[in-house]
Amino acid sequence: MSLRSRLRAPEILIAPGVFDGLTSIIAAKSRFEALYLSGAAVSYTRLGRPDIGLTSVTEMTETMALIRDCVDLPVIVDADTGFGNALNAQRTMRLYERAGASALQVEDQTFPKRCGHLSDKLLISVGEMVGKISAMADVRSNDETLIIARTDAISVEGFEAALERANAYVEAGADVLFIEAPRSGAELRDVPKYFDGRVPLLVNMVEGGATPLHDAADLEKIGYSIVIFPGGIVRALVKTAVGYYASLKAHGSNRPFAKHMFDFDGLNDYIGTSEMLKLGRCYEDKK
């Protein structure tokens, strides 16, 4: 089922954040229906740097291609600002589609951007963002590829301005809206009230971010179609890794931490090593 088709269902779509092939396999085995390739998560893991616009379109495209080689699920990809102007945004669309993306999320910050839950963001004009959306729509090769328009205007221009911007982005051809970082439960509820079912809405849950945390069932009742948890996997893995390295340093052995780990065979079983080796043998010495 395409992502566009799935969004016609009344049930909210939960898309966990991933950043490589392994996390994508784990999420797929956990029976999620779609994934979210987070630019922040790629910056944290591949670069070891914060989400302040340092990740390139090439790094994101390479990561998307690696994920597509591992899983068949629809993947929403963070396209940041399109990595430049409208022509850059068109190139991003072409690259991401070829890599297997199901949807591109593009935002109205200036380039380079920063995490939507950080302060001191700067925005491009409504007209420039409308141009980027139109440019991306003009070059997409598959009508099933969605354009998700994100506005970061709440913390810069205010809530009403964010709604007005988002409305302009729908008129420009956005398939899904993402109004980043509502600051209260009231703002979170007012977004679906304003759009009244005219367009699918995406909402972002960030632990410690500006938006009060809600579970998927509550967000579905409010009127959201997609909820993403973009950086949760990184925060979980980092905390586990800090404990692992501290234990190894203290004990000079992995034995005290073993109950929190797969052993060698356990990990290979999980990722299907024996099945892949068996498949490879099917192609050996073919006459």
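The values are calculated or read from the model by the stated rules, or taken from the named source; none is laboratory data. Computed from a prediction, not measured in an experiment: that's the story for all the values here. No Cβ is skipped: glycine too gets one built from the backbone with ideal geometry, and neighbour counts run over all protein chains shown. Calculation scope for accessible area: heavy atoms of the full protein, side chains included, ligands and nucleic acids excluded. Shrake-Rupley method; radii C 1.70, N 1.55, O 1.52, S 1.80 Å.
Identify the residue in region 152-191 that is touching a helix residue (DSSP H, G or I) at 6+ places or on another chain (Cβ under 9 Å) and among the acidic types (Asp, Glu) and, among all such residues, is most open to solvent (accessible area, probe 1.4 Å).
Among them, the one singled out is Glu171.
Note down all Cβ pairs under 6 Å where the first residue falls in region 225-245 and is open to solvent by 50 Å² or more (accessible area, probe 1.4 Å), the second is not hydrophobic (A, V, I, L, M, F, W, C), and they're at least six residues apart or on different chains.
Final answer for the pair search is Phe229/Pro16; Phe229/Gly17; Ile233/Gly17; Ile233/Thr23.
Of all residues in region 1-40, how many are hydrophobic (A, V, I, L, M, F, W, C), modelled with pLDDT of 95 or more and assigned to a helix (DSSP H, G or I)?
6
Would you be able to tell me the number of residues in region 59-92 that are part of a strand (DSSP E or B) and either over 21 Å from Glu144 (Cα atoms) or among the hydrophobic types (A, V, I, L, M, F, W, C) (or both)?
The qualifying residues number 3.
I need the strands (runs of 3 or more DSSP E) fully contained in region 112-217, keeping only those with at least 2 residues that are in contact (Cβ under 8 Å) with a residue 12 or more places away in the chain and more than 18 Å from Phe83 (Cα to Cα).
So the answer is 176-179, 201-204.
Looking at Ala9, Ala34, which one is of a type in the set (Gly, Ala, Ser), free of Cβ contacts under 8 Å to residues at least 60 places away in the same chain and within 30 Å of Arg198 (Cα to Cα)?
Every option except Ala9 fails the conditions.
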